[in-house]
Structures are given as structure tokens and as C-alpha cells.
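Written out below as C-alpha cells is the structure these notes cover.
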Amino acid sequence: MTNWIFNFIVAGSFLTLVETPLETQGTFWLLSGIAVAGFVWLWAYMPETRGKTLGEINQMFEELAGVRSSFYRQSLGSDAGLFTVNSG
């Protein structure tokens with residue numbers, strides 16, 4: 001969903017940016033700079049997940065965020081007493 005939103009922003013603003021003093025080359029350099037900045041942020045702040053199981057990745061992100069995910073609560077189900085079932 002986020003990808004679609006940002007694609008819409010780029011597509012909607014491209015022609016407007018081309019008509020500014022940036023022109024075509026400046027617009028491409030601006031968008032390239034934004035992409036490079038995003039890559040640098042991703043490389044610096046996202047932890048490596050290669051070779052880890054889905055459970056280990058989930059636990060790692062929970063520890064970073066300091067919360068338990070809804071996936072974890074759903075996997076425990078009613079055995080943990082987190083969900084109640086109305087019987088009629």
C-alpha cells in the first residue's frame with residue numbers, strides 16, 4: 001500500500017516538477033537523491049535478517065519496538081486466555 005501511495009505522489013508531481021526551473025534533469029536528480037537517501041536509511045537502520053527464521057525475526061522486531069505483535073497473540077489463541085468465545 002505504501003508503494004502505491006508513493007508511486008501516486010511521484011506520478012502526480014513529476015510533470016509539475018519538470019515545468020519548474022529544475023527541468024527534466026533536475027527532476028530526475030531530485031528523485032534519485034530521495035531514492036539514495038532512502039537506501040542509506042534502510043541500510044543503516046534495518047537489521048539483517050538473513051539466515052533467521054520467521055519467529056526469530058518477529059522476536060527481534062518485538063524487542064526493538066518493545067511490544068508484542070498481534071501475530072504472537074493470535075498464535076497463542078484461546079489457550080492463553082486472550083480471547084473469549086461466546087457460546088450462544
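What is the spin-label model distance, in nm, from Phe28 to Ala11 if the labels are put 7 Å beyond Cα along the C-beta direction?
2.1 nm
Does segment 1-62 come out rounded, prolate or oblate, given a ≥ b ≥ c as the square roots of the eigenvalues of its C-alpha gyration tensor, rounded meaning a/c under 1.5 and, failing that, prolate meaning a/b above b/c?
Prolate is the answer for segment 1-62, as a/c is 1.5 or above and a/b outweighs b/c.
Through the Karplus equation 6.51 cos²θ - 1.76 cosθ + 1.60, θ set to phi - 60°, convert the phi angles of segment 54-66 into ³J(HN,Hα) values in whole Hz; use x for Gly and Pro.
Running phi through 6.51 cos²θ - 1.76 cosθ + 1.60 with θ = phi - 60° gives 4, x, 5, 5, 4, 5, 4, 5, 5, 5, 5, 8, x Hz.
Every read-out reported here was derived from the displayed coordinates using simple, explicitly stated rules and does not represent laboratory data. From a predicted model like this one, the values you see are computed outputs, not experimental measurements. Virtual Cβ from ideal backbone geometry, glycine too; neighbours counted across all protein chains shown.
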